[in-house]
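J.: Structure below; questions to follow.
Nothing in this text is a laboratory measurement; each read-out follows from the coordinates by a stated rule. These numbers were taken from a predicted model, which means no experiment stands behind them. Cβ placement follows ideal geometry from the backbone for every residue including glycine, while neighbour counts extend to all protein chains displayed.
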Amino acid sequence: MKRNTRSASIGFLLLLSGLLQAGPQVPFKATFRGFAGPATPTADPAVVEIVVPLQGTATHLGKFDEVLVHYINLSTWATAGYADFTGYADWTAANGDTFTTEFYGQLYATDDPAWATFEVTHTVVEGTGRFEGATGSFNGVSGRYNLVTGEDSGGYVGTFSH
């Protein structure tokens, strides 16, 4: 019985120390703009990969570069006017510190066939430098994607800790 209690206590302390290292959750806001590369086929004929390099400004980062890799399932685009997507993003702050997010969302058709809007949720999964041990999640706001030119713009709001 003592061994189980001791193991549980050690596990709890390790979990607690990991949570404390990340710091308090603080508001996170960002704006971004960039241009997507061309869609690349994947092994699944309904899914394409699109890489989008962005630049922006954010609280806790200042100026940043972000490279998103999207996996967009187009199976519902023509019939329902939306497409689900997942992916990951590598973020780099001006000083070179980085963090990675995983994301999911939906792309929506608009009345203008050249433009789509999107909703996305990012979750921080790892970081380096001052972002080591970072946590947080944020949602895309005012997301717009031009299907002709590849222009991608919008913002994020949520929480972040590091």
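J.: Quick one: among T98, T128, T76, which has the greatest mean-square fluctuation in a GNM of the chain with alpha-carbon springs under 10 angstrom?
T.: For the chain, modelled as a Gaussian network with Cα springs under 10 Å, the answer is T76.
J.: Could you tell me how far the Cα centroid of region 19-83 sits from the Cα centroid of region 87-162, in Å?
T.: 4
J.: Any idea what angle helix 2-21 forms with the longest principal axis of the chain, computed on alpha-carbon atoms, 0 to 90 degrees, nearest 10?
T.: 50
J.: Counting Lys and Arg as +1 and Asp and Glu as -1, each charge on the Cβ, what is the dipole of the chain about the Cα centre in debye, to the nearest 20?
T.: Result for the chain is approximately 900 debye, rounded to the nearest 20.
J.: Rank Y108, Q25, T57 by how far each Cα sits towards the positive end of the charge dipole of the chain (+1 on Lys, Arg Cβ; -1 on Asp, Glu Cβ) and give me just the farthest.
T.: So the residue furthest toward the plus end is Q25.
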